[in-house]
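Working notes for the structure below.
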Amino acid sequence: MNASAIPAPILELTPRVHAAVLAGVGDRAPTTMRIPNANYTDPQIAAAELRTTFSAPLLVTPSGAVREPGSFLTLDLMGTPVIVSRGGDGRVRVLVNACRHRGATVAEGSGCTRRFTCPYHGWSYDSDGSLVGIPDRRKGFDNLDPAARGLVELPSEERNGFVWAVRDPHGVIHVHRQLGPLDAELARWDYEHHDVVATMEMKVEANWKCALEAFQETYHFPYVHAQSLVGHGTVANIVTFDQFGRHHRLGVPLKMLGAEPEPLPGENLTCIYYIHPCSVIATSPLGGELLQFYPGPSPASSTIRHTVLSRFPLADDEVAAFFKDYTPQIQAVVRDEDAVVLERSGKGIVAGYSDVVLGRNEIGCQAAHRQILADLADAHPSEKETAAQRTLTSTTSG
Ligand code: FES
Ligand SMILES: [Fe+2]
């Protein structure tokens, strides 16, 4: 395991993050920000977010999860079951996991296959989604053109080591345009070659933005993570902040950066990226965590997908041994520490007695909310009045 090549963003951020540790304060927002709790609970705002924020290209999965031709995984993209499948031609496609006969899902879990065969009447599809077999076709479907009944494909693109897709099958996708200045930044991390260690998915009783907030500040670390590796390893409540178009990056000091006069050489900080609309990458010296936050069926519910990534090949025994020990610990942090408090946060917000206030130190939470509100403001004028204006008014009134 050779961890000597320090990623460029870490090298670049080290002096700033170190200076913030010495000063005892990092980058902060100009003022506090108040969010009406309707932004977490109102079905109309939730529906408007689906039409606006969630029409953007979504980060679906790391490329490393479907590296070989024929490899696939299935997941639920806000109620749409999808298959991410790398065809024999090497191209990744995002296919709606619904048989073109009577809708049954044709794949489950993940694996490697040349064919998806529907469990209901045996229709079969190639890994590129084309319909290649209809049992007893001459008895029942002799007038059907199989070429027109392949699995529905969502527009997708593989870029910077991730698969991205839009939810509208008739939509267009330009990931570089969506990423803007973050495109070049992500390219510096070499995610194409990261291995996927494990993915955990959980449903939580809290709005998806509550879940996102929990991964955009380190203010909660001494209270929520005092007993675990996250709390032990991080200097809490000090971050640097950089905006990259719709996205941003937080620099989070690790304890080893400490209060030494000079930063110790090495990877002594974590970058936390917010990738609009609903993804976060938290880097670590050996890889990182990808977090995806999806709205659930009600505004007060969401799904968190948590994926552990390794920068080094898992085929290396030393790397595999490290992750065997580390992965359950980091999954426990998210499941038993973060998810527990964010459900408590969701419960109080749903009760509706108080709005939410985000501190100057919670600059990452504020920036993500601003972007999501800007999406709404760009949309229909009535949506602008309901959500965005209310929030901006409450922000300026302190
Ligand atoms: S629903 Fe798939 S073959 Fe009938
Ligand atoms: Fe946390």
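Each reported figure results from applying straightforward, stated rules to the coordinates on display, with no laboratory input. No experiment lies behind these values; they were computed from the predicted model shown. Because the Cβ atoms are built from the backbone with ideal geometry, glycine has one as well, and the counts that use them run over all protein chains shown.
Just a few scattered comments:
- Under 5 Å from the amide H of PHE215 lies no amide H of any residue 5 or more positions distant or on a separate chain, with H modelled from the backbone and absent for Pro and chain starts.
- Using only Cα coordinates, the Kirkwood hydrodynamic radius of region 185-261 works out to 15.2 Å.
- Long-range amide H partners of PHE241 with built H, under 5 Å: ASP27, GLY251
- In sequence order, calculated HN-Hα J values of region 184-198 (Karplus, 6.51, -1.76, 1.60; Hz; x Gly/Pro): 5, 5, 4, 4, 6, 9, 6, 5, 3, 9, 6, 8, 8, 8, 6
- Amide hydrogen neighbours beyond the local backbone of VAL163, cut-off 5 Å, H modeled: VAL60, THR61, SER63
- Cross-link partners for LYS347 among the lysines, with Cα-Cα distance under 17 Å and sequence neighbours closer than 8 places in the same chain left out: LYS203, LYS209.
- Residue among GLY129, GLY171, GLY288 with the largest mean-square fluctuation in a Gaussian network model of the chain, springs linking Cα atoms under 10 Å: GLY171
- Dipole-positive endmost among CYS210, LEU250, VAL196 within the chain (Cβ charges, Cα centre): CYS210
- Note on region 65-173: percent of Cα-Cα distances in each 5 Å bin, starting at 0 and stopping at the bin with the largest distance, equals 2, 13, 23, 25, 19, 10, 5, 2, 0, 0.
- Only Cα pairs under 8 Å and 6+ residues apart enter the sum, and on that basis the relative contact order of the chain stands at 23 percent.
- Placing +1 on the Cβ of every Lys and Arg and -1 on the Cβ of every Asp and Glu, with no other charges, gives the chain a dipole of roughly 900 debye about its Cα centre.
- Where only alpha carbons of the chain are counted, the Rg and the Dmax (Å): 22.2, 81
- Computed over region 118-215, the alpha-carbon pair-distance distribution with 5 angstrom bins reads 2, 9, 12, 12, 15, 16, 11, 9, 7, 4, 2, 0, each value a whole percent.
- Ranked packing of 269-278, 348-357, 53-62, most packed first, by mean Cβ within 10 Å: 269-278, 53-62, 348-357
- Peptide packing: for 290-298, 314-322, the average count of neighbouring Cβ atoms within 10 Å per residue gives the ranking 290-298, 314-322, highest mean first.
- For the chain, calculated [θ]222 nm from helices alone, where every DSSP H run of n ≥ 4 adds -39500 (n - 2.57): -7500 deg cm²/dmol
- Among the DSSP helices (H) of the chain, those spanning at least 15 angstrom by Cα along their long axis with an average Kyte-Doolittle hydropathy of -1.0 or more are 8-23, 317-332, 339-351, 363-378; this is a geometric and hydropathy rule only.
- Each 5 Å bin from zero up to the one holding the largest Cα-Cα distance in region 305-361 carries the following percent of pairs: 4, 14, 16, 14, 14, 11, 9, 8, 6, 3, 1.
- Cut-off 15 Å between beta-carbons: net charge of the residues surrounding ARG167, Lys and Arg +1, Asp and Glu -1: -4
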